[in-house]
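Read-outs throughout are calculated quantities, based only on the coordinates presented, and are distinct from any laboratory measurement. The structure displayed is predicted, hence computed values, not measured ones. Methodologically, a virtual Cβ is constructed for each residue, glycine included, from the backbone with ideal geometry; neighbour enumeration extends over all protein chains shown.
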Amino acid sequence: MRRGFILAGLGLMMFGGLCVLEDSMLVSKPPEIQDRGTSSVYMLAGEFRTVFANLMWIKADQYHHEYLEHHSDWTKDTELLGLMEMITSLDPHFVEAYSVGGTLYSMGEKDDRRALEFLREGIANNPRAWLLYKDAAMICALHTHDLISARRYARQALNYCDDSFYRGSLQRLVHDIERLNRRGSG
């Protein structure tokens, strides 16, 4: 695990160095060349970030399974939160990392406000990611008891989901939240 963090740190330092180098190159470029689009170093850095995020996901998965060998409740594995934050900062389109992070904030840290913030950040970066809407709906319904927001999130999840298996479970979720909402207002 320690070796992985050392490699991750070295990778981040290399990425930072590339960004500094690129910025200094852009400043010294003649104005007539500066408007020709994205530079190859930034494009390469973007690809590096995605690859690095995927490697960190693999490392997080390995660490998580080691954690499960010794503990029964995976939601208590809040050390993963730092990795989920880093993965999503490297690749803001990594939906699964937002989902796991939101669950860990809500269930492990008991911080529903932060869980919803993290999921909303994921939704802003991935507006059609039904999984994030579903997670937000569950937190709103079960933890914050905000059934209006829960219904809105659940309907968005259903709207964006195109998998028939998950659509069935999302339809039941919407139905259950609406039933609870009617019961609470009636």
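Note on Leu180 and Arg113: with the Förster distance fixed at 30 Å, the Cβ-Cβ geometry gives a FRET efficiency of about 0.90.
With neighbour counts taken as other beta-carbon atoms within 10 Å, the residues Tyr133, Tyr153 rank, fewest first, as Tyr133, Tyr153.
Could you tell me which chymotrypsin sites (Phe, Trp or Tyr not before Pro) in the range 54-104 are loop residues by DSSP with no more than 15 other beta carbons within 10 angstrom of their beta carbon? Walk me through the numbers on the way to the answer.
Details: sites: Trp57, Tyr63, Tyr67, Trp74, Phe94, Tyr98; in loops: Phe94.
Passing sites in the range 54-104 do not exist.
Counted by neighbouring Cβ atoms within 10 Å, the residues Lys59, Lys76 run from fewest to most as Lys76, Lys59. The range 53-98 and the range 100-122 have Cα centres lying 13 Å from one another. Dipole of the range 96-186 computed with +1 at Lys/Arg Cβ and -1 at Asp/Glu Cβ about the Cα centre; of Val174, Asn126, Ser185, farthest Cα towards the positive end is Ser185.
In this structure, Ser169 and Ile6 have a Cβ-Cβ separation that, at R0 = 35 Å, corresponds to a calculated FRET efficiency of about 0.25. Each Lys and Arg Cβ is given +1 and each Asp and Glu Cβ -1; about its Cα centre, the range 41-158 then shows a dipole of about 620 debye.
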